Every structure is written in C-alpha cells, then in structure tokens.
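Notes to accompany the following structure.
The values are calculated or read from the model by the stated rules, or taken from the named source; none is laboratory data. This is a predicted model, so every value here is computed, not measured. Methodologically, a virtual Cβ is constructed for each residue, glycine included, from the backbone with ideal geometry; neighbour enumeration extends over all protein chains shown.
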Amino acid sequence: LLPPLKVAVTGAAGQIGYALVMRIASGELLGKDQLIELNLIETEAGMSPLSGVMMELEDGAFPLLSKVSATSNLNEGFGDIDYALLVGASPRGPGMERKDLMAANAKIFAEQGKALNESAGINSKILVVGNPANTNALVASENAPDMWPEQFIAMTRLDQSRAKGLVAEKANVPVKDVDRVIIWGNHSATQYPDLSHARIGGKWAKSIITDDKWIRNDFIPRVQKRGAEVIDARGASSAASAASAAIDTIRDIHLGSPEQWLSNAIPSDGSYGIADGIWYSVPTVCEGDSHYRRVKNLPIDEYSAKMMNATEKELIEERDSVRHLLPG
Ligand code: NDP
C-alpha cells in the first residue's frame with residue numbers, strides 16, 4: 001500500500017459531504033492501493049452531525065483509511081493536505097438574491113483561500129464544489145497568493161456527466177460510448193453544453209443526432225436546469241451525483257485519464273478569446289500525477305461563440321460583484 005495522502009473535505013456533514021466521505025474512504029478517490037488520511041471540516045454548528053459521520057466512518061472499517069479527524073479550524077483541517085474538496089457553502093436562504101449568496105460565499109472562500117495558502121501541501125489541488133463554484137474558486141485563489149491559480153478547479157464534471165447521459169439516452173447507446181461532450185463557462189444556467197465535437201461510438205455525434213432543434217431547444221436547457229429537475233422529483237437537491245462527479249474529477253486528476261476530454265473550470269488564459277482572470281469551464285486532458293492541460297484550438301462556430309460569450313459575461317459580472325474580496 002502507498003503511504004497516506006491527506007484529503008480535506010469542507011461541509012463534510014452536509015448532504016454531498018455525507019455521500020462523498022464514504023466513497024473517499026473506500027478508495028474510489030485515489031485508488032485501491034492508496035492509504036488516506038481524511039480531514040473533515042465543518043462549521044461550529046456542523047460539529048455535532050459531523051461526529052455522527054465520524055462514527056459511521058469508523059463503523060465502515062475501511063482498510064485504506066489510516067486516520068480521520070474532525071475540526072472547525074481551517075488551518076488545522078488544511079494542514080499539509082494533498083487534496084481539498086471545498087463542498088461547504090452558505091445555502092440559498094428564502095428571499096435571498098443571487099448577489100447576497102455571492103457575497104456570503106465569497107467571504108467563506110476568501111477565508112479558506114487564506115488558510116490553504118498558509119497550511120496546504122505545496123502541490124495540493126483544490127476542487128471547489130460549493131456554489132457559485134467558479135467565482136468561489138477565483139476568490140479562494142486570489143486569497144492564496146503563494147499558490148498557483150491552476151491549483152484551484154471549480155467542478156463542472158457533473159454538468160458534463162448529465163450532458164453525456166442525455167446524449168446516450170437520445171442515441172440509445174450506453175453512456176460509455178459518448179465522449180468529447182464539452183461544458184463551457186459557468187456552473188450555472190448560462191453554461192454551454194456543446195456537442196459540436198462530441199462523438200458517439202467514435203463517430204461525430206452530429207452525424208447521428210442530426211436534429212439541431214433538439215440540441216438547442218431540449219438538450220441544452222435540460223442540462224442547464226437538470227439540478228432543478230432532480231429537486232422537483234426527489235424533493236431534495238442532487239447530492240449523490242454531485243459527490244460522484246467530485247470523486248471522478250479528483251480521481252482523473254490524480255490517476256490520469258488521458259484519452260478523455262474532461263470538463264473542468266480552470267483559470268482562463270485567454271484561449272478561445274475568453275477574458276483572463278475568471279474560472280471558465282473548458283475541456284481538459286488529465287495526464288495523471290495531478291497534471292492537467294486544456295484542449296486548445298478547437299474550431300468554434302458562430303452559435304457556440306455566442307453561447308460561450310454569454311456565460312463569460314455572467315462570470316465577469318460575478319467577479320465584479322466580489323471585487324472587494326480580491327486583494328489583487
Ligand atoms: P449540500 O451538501 O447539498 O451542498 C453543498 C454545496 O454544494 C452547495 O453550495 C450546493 O449549491 C453545492 N452544489 C454543487 N453542485 C451541487 C449539486 N449538483 N447538487 C446540490 N448541491 C450542489 O449542502 P448542505 O446544506 O447539505 O451542506 C453544507 C454543509 O456545509 C453544512 O453542513 C454546513 O455546515 C457546511 N458549511 C461548512 C463550511 C466550512 O466548512 N467552513 C462553511 C459553510 C457551510 P446549491 O446551494 O446551489 O445547491
């Protein structure tokens with residue numbers, strides 16, 4: 001067995017956290033030969049439910065779990081970690097406007113960025129799940145000046161998996177036959193799920209799904225609003241699939257999945273004409289050992305450009321609304 005790697009999870013007693021920590025402990029995050037130390041982080045109010053989660057982890061008797069700790073102290077929780085999954089975020093309260101949620105979360109993620117800067121392992125990778133994930137990643141990174149912006153990733157893998165699922169259903173093929181589906185931009189209703197480069201069983205998806213109207217009027221809005229569809233059916237927000245996507249993201253970054261295009265929101269470098277300094281979802285290739293690179297120079301048609309600009313515009317507005325928390 002490989003010597004332990006340290007993984008921190010914030011919001012560990014929440015819905016997503018609950019589904020997430022069991023799967024991390026069972027070895028699905030970093031591989032079945034990798035020992036794990038788990039640092040569970042919660043607010044003061046979350047410490048009591050978290051103690052129940054700790055008990056359940058103990059009762060799972062997971063052979064790969066060499067240590068578990070629980071804390072509300074960020075520096076302690078992020079001490080020397082290899083990976084952090086930032087799930088905890090302020091919930092959308094009744095009557096709360098998007099900008100109120102943005103401000104409440106920006107404060108949380110500014111603090112977390114500072115603590116990561118002081119305490120996290122030098123090569124750590126940080127996955128932001130808590131919403132608004134892209135802008136939270138920006139705020140955390142800006143408050144962690146000694147870390148590379150590329151160490152922070154905001155999750156859009158769930159959107160990509162949702163999109164792949166809908167394509168597989170439409171084409172009546174297993175989901176494993178669908179690849180190169182891209183999510184561009186924000187993890188919000190402005191995201192652009194793009195099939196221009198997608199393949200089904202190795203063939204260009206658009207030669208199989210020829211109905212552009214279905215793509216524009218059904219597929220895209222359905223991916224954008226899939227979260228709401230799950231809430232309506234389940235009476236609670238999607239937690240297991242969000243946890244699953246977080247596991248997929250980090251597993252692929254850690255172990256590599258070089259043959260796939262994986263959507264991740266990463267700091268823009270100007271590619272595709274997207275403004276610098278926002279966390280914008282693009283296709284990436286994960287080479288393993290914690291390295292990833294963006295897929296560059298894809299041809300972008302007029303419709304895609306319009307959709308990509310709309311989600312860019314929203315991210316710029318989000319950044320502008322939290323400027324007071326960006327030290328740079
Ligand atoms: P969840 O575990 O359901 O959600 C946590 C965050 O993930 C939310 O911001 C949620 O956004 C987001 N999210 C991203 N993708 C999805 C998805 N597909 N489905 C649902 N949510 C998604 O929230 P809980 O309220 O159950 O748990 C949050 C926990 O975080 C609480 O226990 C709280 O105490 C803790 N917390 C911890 C902090 C810390 O450790 N410092 C700080 C703040 C809170 P959305 O709201 O849009 O659904």
Notebook entry, point to check: If only one of Lys32, Lys114, Lys67, Lys99 is surrounded by 15 or more Cβ atoms within 10 Å (Cβ to Cβ) and of a type in the set (Lys, Arg), which one is it?
Noted result: Lys114
Next item on the list: Scan segment 54-102 residue by residue and report those that are under 21 Å from the mean Cα position of the chain (by Cα) and within 17 Å of Leu35 (Cα to Cα).
Entry: Ile81, Asp82, Tyr83, Ala84
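Can you tell me which residue is farthest from Leu30 (Cα to Cα) among those in segment 237-253 that are touching a residue at least 40 places away in the same chain (Cβ under 8 Å) and more than 16 Å from the ligand (Cβ to nearest atom)? Show your work before the answer.
In the first step, residues of segment 237-253 are kept if they are touching a residue at least 40 places away in the same chain (Cβ under 8 Å); the result is 237-251, 253.
Those left that are additionally more than 16 Å from the ligand (Cβ to nearest atom): 251, 253.
Values: Arg251: 6, Ile253: 9 Å.
Applying the filter and picking the extreme gives Ile253.
In segment 83-96, how many residues are surrounded by fewer than 21 Cβ atoms within 10 Å (Cβ to Cβ) and either away from the ligand (no atom under 11 Å from the Cβ) or not aliphatic (A, V, I, L, M) (or both)?
Going residue by residue through segment 83-96, those that are surrounded by fewer than 21 Cβ atoms within 10 Å (Cβ to Cβ) are 90-96.
Filter once more, so that each one left must be either away from the ligand (no atom under 11 Å from the Cβ) or not aliphatic (A, V, I, L, M) (or both): 90-95.
Looking only at that region, the number is 6.
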Next item on the list: Inspect segment 221-240 for any residue being within 19 Å of Ala84 (Cβ to Cβ), in contact with a Ser or Thr (Cβ under 8 Å, 6 or more places away or on another chain) and buried (at least 17 other Cβ atoms within 10 Å of the Cβ) and give the result as yes or no.
Entry: no
Margin query: I'm trying to understand the selection: among the residues of segment 180-196, which are within 20 Å of Lys296 (Cβ to Cβ) and surrounded by fewer than 19 Cβ atoms within 10 Å (Cβ to Cβ)?
Written below: Ser196
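In segment 56-68, is there at least one residue being within 10 Å of the ligand (Cβ to nearest atom), touching a residue at least 24 places away in the same chain (Cβ under 8 Å) and assigned by TED's automatic domain parsing to the domain that holds Ser141? Before you say what the answer is, go through the steps one by one.
Applying the first criterion (within 10 Å of the ligand (Cβ to nearest atom)) to segment 56-68 yields none.
Among the residues of segment 56-68, not one is within 10 Å of the ligand (Cβ to nearest atom), touching a residue at least 24 places away in the same chain (Cβ under 8 Å) and assigned by TED's automatic domain parsing to the domain that holds Ser141, which makes the answer no.
Only one residue in Gly270, Gly227, Gly256 is free of Cβ contacts under 8 Å to residues at least 12 places away in the same chain and within 19 Å of the chain's Cα centre (by Cα), so which one is that? Break it down into steps so the answer makes sense when it comes.
Numbers: Gly270 fails: within 19 Å of the chain's Cα centre (by Cα); Gly256 fails: free of Cβ contacts under 8 Å to residues at least 12 places away in the same chain.
Answer to the check: Gly227.
Residue by residue, here is whether (1) in contact with a strand residue (DSSP E or B) (Cβ under 8 Å, 6 or more places away or on another chain); (2) more than 30 Å from Gly235 (Cα to Cα); (3) among the aromatic types (Phe, Trp, Tyr); (4) surrounded by 22 or more Cβ atoms within 10 Å (Cβ to Cβ) holds:
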residue	(1), (2), (3), (4)
Leu20	yes, no, no, yes
Ser26	no, no, no, no
Met47	yes, no, no, no
Gly79	yes, yes, no, no
